[in-house]
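What follows is a short report on a single structure.
The values are calculated or read from the model by the stated rules, or taken from the named source; none is laboratory data. Every value quoted in this text rests on a predicted model; they were computed, and no experiment measured them. Here the Cβ is made from the backbone with ideal geometry for all residues, glycine too, and neighbour counts use every protein chain on show. Note: areas computed on protein heavy atoms with side chains; ligands, DNA, RNA excluded. Shrake-Rupley method; radii C 1.70, N 1.55, O 1.52, S 1.80 Å.
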Amino acid sequence: MRLAELTQSQFSDYLGDAFRIEGELEASLNLQLIEATHLSSGRHTKSNGQRPEPFALVFQGPQNSPLDQAIYQLQHEHLGELPLFLVPIDQDEDGVYYEAIFN
C-alpha cells in the first residue's frame, strides 16, 4: 500500500494496535497507535495528486527506549510495512509519544 493512498479513517480502524519497528534498533520495539486525527488543510482540493485529507497519527512507545526523530519502517499486521517519519512530541510516566503527519 502506498503512503499517499492512506487515510485517517483507515488508521482509525487500528487504534490500540501495535506497530513494530525491527532491524533498525538493537532490539525490536512496539509502538501503540493511540490517535488518528483529521487536520484542516485550509483548502479542500484533490488536484495535482495532493492528499485528500491531511491527518496526524500519535504513537506511544516505552519510556526506556526513546527514539530519535527519524524515518522508521513500521510493520503492521494488516497495513504491512510503512516508512513513517516519527517526531517525539511528549513523554510522561506512561511512555514516549511520537507523531507522524500526512499532508
Original post:
If you go through segment 22-32 one residue at a time, do you hit one that is of a type in the set (A, V, I, L, M) and modelled with pLDDT of 90 or more?
Top reply: yes
Original post:
In segment 78-103, what count of residues is obtained for those that are among the charged types (D, E, K, R), open to solvent by 90 Å² or more (accessible area, probe 1.4 Å) and either under 11 Å from the mean Cα position of the chain (by Cα) or within 17 Å of residue 16 (Cβ to Cβ) (or both)?
Top reply: 1
Original post:
Among the residues of segment 67-77, which ones are under 13 Å from the mean Cα position of the chain (by Cα) and open to solvent by 60 Å² or more (accessible area, probe 1.4 Å)?
Top reply: 69, 71, 75
Original post:
Hey, any hits in segment 3-11 for a residue that's at pLDDT below 95 and assigned to a loop (DSSP other than H, G, I, E, B)?
Top reply: yes
